[in-house]
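Written below as structure tokens is the structure these notes are about.
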Amino acid sequence: MPASPSTARAINDRLALRLLQQEGPLTATRLKQLTGLSRPTVADLVERLTASGLVTVVGESGEQRRGPNARVYGIVADRARLAALDVRTEGVSVVVSDLVGQVLAEASVPIGEGTGTGPAVEQAVALVERVAKAAGSLGASSPPELVRGWGRLHTVGIGAPGLIDPASGELRNSTGLPAWHRRLVAVLQERLPEARVLVENETNLAALAEQRDGVARDRDTFVLLWLGHGTGAAVVLDGALRRGASGGTGEIGFLPVPGTTSLPSATDCGGGFHSLVGSAAIAELAAEHGVQARPEGHEPHAAALVRQALASPGSPAAEGFLDALAQRLAVGAASVSAVLDPGCVVLGGEVGQAGGTELAVRVGRRLARISPLPTEVRASALGGGAVLRGALLIARDGAQDELFAPPPSR
């Protein structure tokens, strides 16, 4: 059955908006070329989108043509404000952007291990409020109905450790994680009742960011190994993020592997893969080889150790440490490869970024020796910042899905 005129218009409008979001400002002629639509159809959709306040004239282009300059159209970026949070066990980072992802303000706050739930939540919420206000209010072109609390936040994306319930989309109780994590999500929803709050596992967000903006842009199937304070994995198969029946896909820290002294339990990943490549395990391995390092800024200690070792080429201590770490990582990657055959493993997190191509090459060589399946190993391009980038992406996608949706038929 052919689409009705209103449905066809809605499809065309969304296509044009997605192109403007991906490509940036475009002329009507360029929109015609990219969409394959007729000139009158493009003229109509541009008129509709301009009248709706989603698109505006942002300039002119006439250098390559005769006659009057062509108008260049772009998305009205200040139509909505978005917030992204990276919630870690040791603190929170916040970014506020416009509708097209341009960062307007950002900040972080450390939260001590002994901080109670109430004070920790208040510190994090105060940070979000402060960054949102620092980003400024929306422009005059924004309709009153888009005002949604502090700094007029429209959508908030949150990345947090732990499992996300596939049915409810809520952060589940997880052993070993601070209680303030779940409370923070609830408080933000209370303080911003009109804003859309989206929560996703931090490693899944890192994979999304690497797929959209990082080293996995050319891959429909890959696995990201998160190497930071904790250990995790994200699985992308045929372009889709896989969460599993309970949201636990990628809990690789619990994976039983050779080289540990015990087995993990249902409540403790000690004895699993985490015992080999978690931040504490990396520090112990470095100490065994005599490698020391002083972190720079907020750099995690494990990442500093890897960076320092790579800065000491030819050192027996550094070489021994890097080889041992690469062997441990290859063991986990081989287990993942044997089950999923992803063809590509990305070493993510701060440690993966610190290790760079050199560590990825070492892991790849060892993986090739123990796995019959060809698997490329790549270093993260985004490192620890991938979680915040991913949270901003889901916030932007969520806001655009709502704002770009066709109005209900009457």
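When the range 5-75 is described by a simple charge dipole with +1 on each Lys and Arg Cβ and -1 on each Asp and Glu Cβ, the residue from Gln33, Gly59, Val72 located farthest towards its positive end is Gln33. Summed over all non-identical Cα pairs, the Kirkwood treatment of the range 4-43 gives a radius of 10.2 Å.
Only DSSP H runs of four or more residues enter the estimate; each adds -39500 (n - 2.57), and after division by the residues of the chain the mean residue ellipticity at 222 nm equals -13500 deg cm²/dmol. Estimated from the Cβ-Cβ distance and a Förster radius of 45 angstrom, the FRET efficiency linking Leu15 and Ala186 is about 0.75. Within the accessible surface of the chain, defined with a 1.4 Å probe on protein heavy atoms only, the carbon and sulfur portion equals 50 percent. Between helix 386-403 and the chain there is an angle of about 30 degrees, using the helix long axis and the longest principal axis of the Cα atoms. Loop-located GluC sites (Glu not before Pro) across the range 230-321 with a Cβ neighbour count of 15 or fewer within 10 Å are Glu296, with loop assigned by DSSP. Here Ser275 sits with roughly 50 square angstrom of accessible surface, probe radius 1.4 Å.
Taking the DSSP bridge list for the range 215-381 and keeping only pairs wholly inside it, about 60 percent are antiparallel.
3J(HN,Hα) along the range 244-256, derived from phi through the Karplus expression 6.51 cos²θ - 1.76 cosθ + 1.60 where θ = phi - 60°, amounts to x, 5, 10, x, x, 4, x, 6, 6, x, 8, 5, x Hz, with x in place of Gly and Pro. Pairs of alpha carbons in the range 5-75 separated by more than 18 Å make up 32% of all such pairs.
Compute, for the range 5-75, the length of the dipole vector about the Cα centre, with Cβ point charges of +1 (Lys, Arg) and -1 (Asp, Glu) only. Units Debye, rounded to 20. In debye, rounded to 20, the range 5-75 gives about 160.
For the chain, give me the percentage of DSSP beta bridges that are antiparallel, rounded to the nearest 5 percent. The antiparallel fraction comes to roughly 65 percent. Each eigenvalue of the Cα gyration tensor of the chain, multiplied by 5 and square-rooted, gives one semi-axis; in descending order these are 42, 25, 20 Å. Once the Cα atoms are used to define both axes, helix 39-51 deviates from the longest principal axis of the chain by about 80 degrees.
Ranking Ser246, Phe273, Pro258 by how far each Cα lies toward the positive end of the dipole of the chain (charges on Cβ) leaves Ser246 at the top. Here the Debye sum runs over all C-alpha atoms of the range 187-305 as equal scatterers in vacuum, and log10 of I(q)/I(0) at q = 0.10, 0.14 Å⁻¹ comes out as -0.42, -0.78.
Eigenvalues of the alpha-carbon gyration tensor of the range 215-381, scaled by 5 and square-rooted, set the equivalent ellipsoid semi-axes at 24, 18, 15 angstrom, largest first.
Loop-located trypsin sites (Lys or Arg not before Pro) in the range 195-266 (DSSP state other than H, G, I, E, B) with a sparse environment of at most 16 neighbouring Cβ atoms within 10 Å: Arg217. Counting only alpha carbon atoms, the long axis of helix 5-23 and the longest principal axis of the chain meet at about 50°. Per the Cα gyration tensor, the range 216-285 maps to an equivalent ellipsoid with semi-axes of 25, 15, 9 Å, ordered largest to smallest.
The values are calculated or read from the model by the stated rules, or taken from the named source; none is laboratory data. Computed from a prediction, not measured in an experiment: that's the story for all the values here. Please note: Cβ atoms are built from the backbone with ideal geometry, for glycine as well, and neighbour counts cover all protein chains shown. Note: accessible area is taken over every heavy atom of the protein model, side chains too, but ligands, DNA and RNA are not part of it. Shrake-Rupley method; radii C 1.70, N 1.55, O 1.52, S 1.80 Å.
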